[in-house]
1. Once label points are set 7 Å from the Cα along Cα→Cβ at both residue 85 and residue 5, what is their separation, rounded to one decimal in nm?
2. Distances longer than 14 Å among the Cα atoms of the stretch 1-50: what percent of all pairs is that?
3. For the chain, what are the per-bin percents of Cα-Cα distances with bins 5 Å wide, up to the bin holding the maximum?
4. Using a 1.4 Å probe on the protein heavy atoms, what percent of the accessible area of the stretch 1-101 belongs to carbon and sulfur?
5. Mind telling me which of 96, 69, 16 comes out most flexible in a GNM of the chain, alpha-carbon contacts under 10 Å?
6. How about the stretch 1-105: which chymotrypsin sites (Phe, Trp or Tyr not before Pro) there are in a DSSP loop, with at most 14 other Cβ atoms within 10 Å of their Cβ?
7. Can you work out the base-10 log of I(q)/I(0) for the stretch 65-107 at q = 0.23, 0.26 1/Å, using the Debye formula on its C-alpha atoms alone?
8. How many nm separate the modelled label positions at residue 21 and residue 92, each set 7 Å beyond the Cα in the direction of the Cβ?
Amino acid sequence: MNAWIMLLFAGLLEIVWAIGLKYTDGFTKPMPSAITIAAMAASMWLLAQAARDLPIGTAYAVWTGIGAVGAALLGMMLFSESASAVRLGCIALIVVGIAGLKFSTPG
């Protein structure tokens, strides 16, 4: 699988486990905890695979960027977190940074 595709799925799984943390109630709920831990492991494995072909700084920044953007947006939708213009603008800047790294990195 292409390194960028693996990195995308790693980032999507990072969103799953980041949001999952909210549902684990401090890892006291077995099913949400199991799902969250599985998503963590799969996300890290995919990141490690992608980092075989991509610079680690790029891979890590894109991975965390995808997770941060997704968790922030889902936090707004699921948990009524702030959706202020400033917050949305900052999230947009992260997206621009992810795109910039993608288009400036070979692979």
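The values are calculated or read from the model by the stated rules, or taken from the named source; none is laboratory data. Nothing here was measured: the structure is a model prediction, and the numbers come from that model. As a convention, Cβ positions derive from the backbone with ideal geometry for all residues, glycine included, and neighbour counts pool all protein chains shown. Accessible surface is based on the protein model in full, side chains and every heavy atom, while ligands, DNA and RNA are left aside. Shrake-Rupley method; radii C 1.70, N 1.55, O 1.52, S 1.80 Å.
1. In this crude label model, residue 85 to residue 5 measures out at 4.1 nm.
2. 47 percent
3. 2, 14, 20, 20, 18, 14, 9, 3, 0
4. After summing per-atom areas, the C and S share lands at 75 percent.
5. Residue with maximal mean-square fluctuation among 96, 69, 16: 96.
6. Answer by residue number: 27.
7. -0.75, -0.87
8. 2.7 nm
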